[in-house]
Amino acid sequence: MKQKLIVVAVLIVAFATALLIYVKFPQSNTVDAAKIFTAAQNYTRDLKKQGLAIPETVNLKELIARGFLQASDIAGFAGSEVTVALTANPNDPKAVLLRARFSDGQELLTMGDGSIQAKQAKP
């Protein structure tokens, strides 16, 4: 049951992030939040099967390179660096679950409590 609640919480957070990206960058294509979440889960499972350590985060480019995502699944993030937390506790309201860094230096953080925080580039 706890694992199911975590899955639901992460899906809600991923959807909120995708919605914010869509609103902020309407010319951008799409971001499939469910596919990002599934890809992160499958990546983690794959590493465990291989007996490898699970890193704290994974870049979406890595998930594409390993075949867990298609570029079209994250077209809305074009030109940005996006990482997904693999080991963060989604029940911790201060945990950063997803970090998107845009070319202008701005960052959007999806937090464990479902909020999205924007950080401006440092001069």
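FYI, it's all coordinate maths here, none of it is from the lab. This is a predicted model, so every value here is computed, not measured. Positions of Cβ are backbone-derived with ideal geometry, glycine not excepted, and every protein chain shown enters the neighbour counts.
Here the gap between Lys119 and Gln41, fully extended at 0.36 nm per residue and compared with their Cα-Cα distance, gives a gain of 25.4 nm. Put in line by how crowded their Cβ is, counting other Cβ atoms within 10 Å and starting with the fewest, Leu60, Leu108, Leu47 read Leu47, Leu108, Leu60. Label positions at Asn59 and Thr30, each projected 7 Å from the Cα along the C-beta direction, are separated by 2.6 nm.
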